[in-house]
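Structure first, commentary second.
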Amino acid sequence: MYSETVEMIACQRNFLFGQSDSSQMLCLCVQVESIMISIISMLSSPNDESPANIDAAKQWRDDREGFRKKVARIVRKSQEML
């Protein structure tokens, strides 16, 4: 994961400073793919040992069904705002 992050930063730097070539498009696609894989990984197995949201982590551990219902409600509400 660290090496992928370094590659993404290097690609962004080259792209921003006009040092792009035909390989840049591939680099940007790989970056998006890496980000999506990371997001899917975080969503499928959240880290409740070192959470950003302590209340959500506690509910994830203690009441998984309640957690899923709350997330579904929040997602529906956010979709209605679109």
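The values are calculated or read from the model by the stated rules, or taken from the named source; none is laboratory data. Because the structure is a prediction, the values reported are computed rather than measured. FYI the Cβ positions are ideal-geometry reconstructions off the backbone, even for glycines, and counts take in every protein chain you see.
Looking at (1) of a type in the set (Ser, Thr, Tyr); (2) loosely packed, with under 10 Cβ neighbours inside 10 Å; (3) at pLDDT below 80, find the lone condition where residue 78 falls short.
(3)
Search segment 31-75 for residues being in a loop (DSSP other than H, G, I, E, B) and polar (S, T, N, Q), and hand back the single one that is surrounded by the fewest Cβ atoms within 10 Å (Cβ to Cβ). Show your work before the answer.
Looking only at segment 31-75, we keep the residues that are in a loop (DSSP other than H, G, I, E, B), and these are 45-53, 63.
Add one more test, that the residue is polar (S, T, N, Q), and what stays is 45, 47, 50, 53.
Values: 45: 8, 47: 10, 50: 6, 53: 11.
Restricting to residues being in a loop (DSSP other than H, G, I, E, B) and polar (S, T, N, Q), the top hit is 50.
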